[in-house]
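The values are calculated or read from the model by the stated rules, or taken from the named source; none is laboratory data. Computed from a predicted structure; not experimentally measured. Cβ sites come from the backbone with ideal geometry, for glycine too, and all protein chains shown count toward neighbours.
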Amino acid sequence: MTDFDVVVVGAGRAGTAAAYRLAQENVDVALVDRARQPGMKNVTGGVLYGEVLADLVPEFPEEAPLGRHVVEHNVQMLHDDASIGVSYRDPAIREEPNYTVQLGEFDRWFVRKAEEQGATFVPETTVRGVEQREGHAVVATDRDGGDITCNAVVGADGVNTTVGRTTGIRDPVQPENVGLSVKQVIELDRKTIDERFNLRSGEGTAYIFAGFPEGAPSVGYFIYTFESTISVGAVGNMATLQTYGDQGYDGQGTPLYDLLTRFKELDAVRPLVRGGVAQEYQGILVPEFGYDDLPNRHEGRVCLVGDAAGLVLNKGFTFRGLDFGVESGIRAAEAAMQCRKRGNWNAFGERYDALLGDSYVMDELRQHSRLPSFLENERLYEAYPAVARETLKQTFSSEGDASGLTWKHALTALRRQDVGVRDLLADGWRAFRSV
Ligand SMILES: Cc1cc2nc3c(=O)[nH]c(=O)nc-3n(C[C@H](O)[C@H](O)[C@H](O)COP(=O)(O)OP(=O)(O)OC[C@H]3O[C@@H](n4cnc5c(N)ncnc54)[C@H](O)[C@@H]3O)c2cc1C
């Protein structure tokens, strides 16, 4: 007889979704987290694409502590102090349950919902390791006599997953496969945010920026609006940050917080953050795998979900990790329910993987399998923004030479950046195949 049917390690959204779904079906489930309160140290940008959560908890848009309803997306390419952008606002996306969220409040609410369904939440308990034995699994914790026995374990313990490492399912993350992120929460009053970002009350917008500093691939920035704060942050691939720049940690890399400070001073950004007071500073790692190098995510009675399984997609203009976590947690719960019904828990990990393989999460990752290598192309961050800037300058400037055919200006600019028409066509084709 085990203590629980299933132990879920980590009460982020991935783990809590698994616990919620299991408790809903009367499966005996423990949800263990190292934090005193759920979400205390959890970090995102970010926009929750809420459709999958709305299927699981239909009352979430009315009940959950949410930021703003996202009705607009902006993508800005930077070049020196110039910016070129695309803005998308459409009444159709107002129908979608996509909201900005701060995890401190959100995770607390979500765990309470799982408890209402019957899950047992075990706070302030750090999991040290997981061992698979004949007929059961043991979750070792930092509590005296705190080993928990169960039939299956869901590792939802984030990017550095203790569950994944101690079971040998995953190796420690490598710099190429992880991004470092720093984020500031900046206080601005609600009216200022509405006016500055052209929003009605409760509406929110998301900004993604790339191209700064010139020629640095894999470094991006974001601004998300909340009720009376904005989140401003930077994400950079670890391997890129280690090698890029002439200052930084022991002369080996560029500190990301320094890039974030300089980013906020740019001509395109300063008016958006002006007058704000920094409330919080947060930092975290975020998985950056492509579909083809996703890590293993199961073994026997153990499976990994959310960031622990590397299930994040950075499309360059959106991040998907929050909803991927929820979906993978639900799939883990479904696998556990099937194993319980059949009385065979040994196949839990495999069952989960098969169910996840049929989900939109893997579809999306598969469809974008070429995207990570496409986004490493330095021309995207240096030559093309320069070409676009020069062409637009020739088009809009009132100076004497700002006349003539736009395509001729573009060709001249391409030549100046040492980009041939063949490069342009090849990159265009790669872009098409990546998205
Ligand atoms: C800057 C940034 C911006 C982002 N923006 C977006 C966005 O706009 N949209 C989007 O969809 N995604 C976004 N993401 C990705 C998204 O935030 C993550 O994919 C998601 O939060 C992962 O959720 P999770 O539940 O898997 O893990 P986590 O949220 O990391 O939760 C892990 C939990 O496990 C607990 N834990 C860890 N180790 C142990 C242990 N040993 N014992 C017990 N408990 C443990 C932790 O306390 C935590 O509660 C962003 C990420 C970053 C960093």
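Points worth noting:
- Taken over segment 81-107, the criterion of being more than 11 Å from the ligand (Cβ to nearest atom) and more than 30 Å from Arg262 (Cβ to Cβ) is satisfied by Asp90, Pro91, Ala92, Ile93, Arg94, Glu95, Glu96, Pro97, Glu105.
- All of (1) at pLDDT 95 or above; (2) crowded, with 19+ Cβ neighbours inside 10 Å hold for Arg274 with one exception: (2).
- Any hit, segment 103-110, residues being of a type in the set (Asp, Glu), out of contact with any strand residue (DSSP E or B) (no Cβ under 6 Å at 6 or more places or on another chain) and free of Cβ contacts under 8 Å to residues at least 60 places away in the same chain: no
- Single condition Glu382 does not satisfy, out of (1) at negative phi; (2) free of Cβ contacts under 8 Å to residues at least 24 places away in the same chain: (2)
- Residue within segment 138-145 that is surrounded by fewer than 13 Cβ atoms within 10 Å (Cβ to Cβ), at pLDDT 95 or above and touching a strand residue (DSSP E or B) at 6+ places or on another chain (Cβ under 8 Å) present: yes
- Flag if Arg351 is crowded, with 22+ Cβ neighbours inside 10 Å, in the same structural domain as His136 (by TED's automatic domain parsing) and not aliphatic (A, V, I, L, M): yes
- Only one of the numbered conditions (1) under 23 Å from Pro372 (Cβ atoms); (2) outside the structural domain of Ile208 (by TED's automatic domain parsing); (3) touching a residue at least 40 places away in the same chain (Cβ under 8 Å) is violated by Gly283, and that is (2).
- Among the residues of segment 219-233, those that are of a type in the set (A, V, I, L, M) and modelled with pLDDT of 95 or more comprise Ile223, Ile230, Val232.
- Number of residues in segment 113-129 that are more than 14 Å from the ligand (Cβ to nearest atom) and loosely packed, with under 14 Cβ neighbours inside 10 Å equals 1.
- Test: residue in segment 47-60 that is of a type in the set (D, E, K, R), more than 13 Å from the ligand (Cβ to nearest atom) and either more than 18 Å from the chain's Cα centre (by Cα) or closer than 24 Å to Thr229 by Cα (or both): yes
Rundown of residues vs (1) surrounded by 16 or more Cβ atoms within 10 Å (Cβ to Cβ); (2) not β-branched (Val, Ile, Thr), yes/no style:
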residue: Glu382; (1), (2): yes, yes
residue: Leu392; (1), (2): yes, yes
residue: Phe396; (1), (2): no, yes
residue: Thr406; (1), (2): no, no
residue: Gly420; (1), (2): no, yes
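- Members of segment 290-305 found to be under 13 Å from Thr166 (Cα atoms), of a type in the set (A, V, I, L, M, F, W, C) and out of contact with any Phe, Trp or Tyr (no Cβ under 7 Å at 6 or more places or on another chain), listed by number: Val302, Leu304
- Those strands (runs of 3 or more DSSP E) of segment 27-100 in which at least 1 residues are in contact with a strand residue (DSSP E or B) (Cβ under 8 Å, 6 or more places away or on another chain) and farther than 30 Å from Asp147 by Cα, considering only elements entirely within it, cover 47-49, 69-79, 82-89, 98-100.
- A residue that is assigned by TED's automatic domain parsing to the domain that holds His368 and more than 25 Å from the chain's Cα centre (by Cα) occurs somewhere in segment 319-336.
Okay, residues lined up against (1) under 23 Å from Ala308 (Cα atoms); (2) modelled with pLDDT of 85 or more:
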residue: Asn344; (1), (2): no, yes
residue: Asp358; (1), (2): yes, yes
residue: Arg370; (1), (2): yes, yes
residue: Glu382; (1), (2): no, no
residue: Ala402; (1), (2): no, no
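- Among residues of segment 12-26 that are part of a loop (DSSP other than H, G, I, E, B), those with a beta-carbon under 7 Å from a residue that is within 15 Å of the ligand (Cβ to nearest atom) at least six positions away or on a different chain give the pairs Gly12/Asn42; Gly12/Asp107; Gly12/Ala156; Gly12/Gly158; Gly12/Gly306; Gly12/Gly325.
- Which listed residue, of Ala30, Ala35, Ala19, is surrounded by fewer than 23 Cβ atoms within 10 Å (Cβ to Cβ) and either aromatic (Phe, Trp, Tyr) or more than 10 Å from the ligand (Cβ to nearest atom) (or both): Ala30
- Checking each residue in segment 75-99 for being within 28 Å of Glu265 (Cα to Cα), out of contact with any Leu (no Cβ under 7 Å at 6 or more places or on another chain) and not small (Gly, Ala, Ser) picks out Val75, Gln76, Met77, His79, Asp80, Val86, Tyr88, Arg89.
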